[in-house]
Amino acid sequence: MIAIQLEPTLPVITPKGKGYAIIMIDYGQEHDLLWTCVIDDTGEIWTYKNPEIRVQNNITFKRNVL
C-alpha cells in the first residue's frame, strides 16, 4: 500500500458535492485508487474509489468536466 498526501490538494467533484482530495491511496494493480476528500459544504471527510470522483473544471487548463 502507498498513501500520498496531496500538496497541493486536488479540487474534485464527489457523490456528496464539490471538495478537495487530500490523500491518494494505492493498494496495487488489482484495486482502484482511493481518494480521501474533504467536502466543501459540510467539512466531512470521505474516501471514494477512483470511478466515483472527477476533477473540477479548470479554465486555465481548458478542462471542462460535465
Quiz item: Looking only at strands (runs of 3 or more DSSP E) that fall completely inside the range 1-52, which ones have 1 or more residues that are more than 20 Å from Arg63 (Cα to Cα), out of contact with any Pro (no Cβ under 7 Å at 6 or more places or on another chain) and basic (Lys, Arg)?
Solution: 45-49
Quiz item: Which of the following residues is aliphatic (A, V, I, L, M), touching a Lys or Arg at 6+ places or on another chain (Cβ under 8 Å) and surrounded by 13 or more Cβ atoms within 10 Å (Cβ to Cβ): Leu6, Leu33?
Solution: Leu33
Quiz prompt | Extreme residue, nearest to Pro8 (Cα to Cα), among residues of the range 20-66 that are of a type in the set (Gly, Ala, Ser) and more than 12 Å from the chain's Cα centre (by Cα) | solution = Gly43
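FYI, it's all coordinate maths here, none of it is from the lab. From a predicted model like this one, the values you see are computed outputs, not experimental measurements. Don't worry about glycine lacking a Cβ; one is built from the backbone with ideal geometry, like all the others, and counts go over all protein chains shown.
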